[in-house]
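The values are calculated or read from the model by the stated rules, or taken from the named source; none is laboratory data. Everything numeric in this text was worked out from a predicted model, so none of it was measured. Reconstructed Cβ throughout: ideal geometry from the backbone, glycine too, with neighbour counts over all protein chains shown. The accessibility values were calculated without ligands, DNA or RNA, using every heavy atom of the protein model including side chains. Shrake-Rupley method; radii C 1.70, N 1.55, O 1.52, S 1.80 Å.
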Amino acid sequence: MKKLLACVAGAAALAVGVMTPASAADDPQIMLLHGIPGATVDVAVDGSVVIPGFEPGDMQDLTSFAGQTLKNVEVRAAGTTDVVIGPIAELAVPASGNVTVVAHLDADGKPALTPFVNDISATDAGQGRLTVRHAAAAPAVDIVLGDARPFTNLANGQEGSADLPAGAISGAKIAPTGADPIADVPSVELKAGSNLIVYAVGSLADDTF
């Protein structure tokens, strides 16, 4: 497993930088991202553990399973048979595309699996793509940047994206839709030709947002 998330203490979001050339658009890339704070898990398929010790913030490559249907998928508390997510009778792994499947909390605080399709289409010269994904046990949110709200009313399991000039993005905040900000977003560097994906994870009620 490769740790791809930059986690900032006290921050409201996790950031993953993904840079994929447009020429690779036909090659499948299927990733599994662990976005449930404080829960190390094992992932089992048909009774056998295939991903042991999967820690929050880790990403696992599932591309070798592209096009397959996995049977009896369970996400278990690490080292036990206690099922956290599932059992899922059948989990179809996409055969193509660039997809991140996120293990996260739904709006009610229950563990869930949500697939997101990553936009790897080309950007204009000098621009990058910023994608914000809501994967937290929290109400719908706005992303606040200065006096603007470039992303509004994002509910759990939803995303917003925009192509922006490359460079530093700092001072962003997360706010319940239409309300005052409640948390800061870490400063990020948007690179030209990349899709920078920011996830809101955790639980507002449990102070892990």
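Of note:
- Of the solvent-accessible surface of the chain, computed with a 1.4 Å probe and all protein chains present, 52% belongs to carbon and sulfur.
- Percent of beta bridges antiparallel (DSSP, the chain, rounded to nearest 5): 80
- Region 136-209: C-alpha gyration tensor shape, a/c 1.5 cut-off, then a/b vs b/c: prolate
- Percent antiparallel among DSSP beta bridges (both partners in region 126-209, rounded to 5): 70
- Partner aspartates and glutamates for LYS71 [C-alpha distance under 19 Å; skip if fewer than 8 residues away on the same chain]: ASP42, ASP46, ASP61, ASP82, GLU90
- Using C-alpha pairs below 8 Å separated by at least 6 residues, the relative contact order for the chain is 23 percent.
- Peptides 139-145, 115-121 ordered by average Cβ neighbours within 10 Å, highest first: 139-145, 115-121
- Table column - 3J(HN,Hα) (Hz), region 33-44, Karplus curve with 6.51, -1.76, 1.60, x for Gly and Pro: 10, 8, x, 10, x, x, 10, 7, 10, 10, 10, 10
- Whether the chain is rounded, prolate or oblate, judged on the alpha carbon gyration tensor where a/c under 1.5 counts as rounded: oblate
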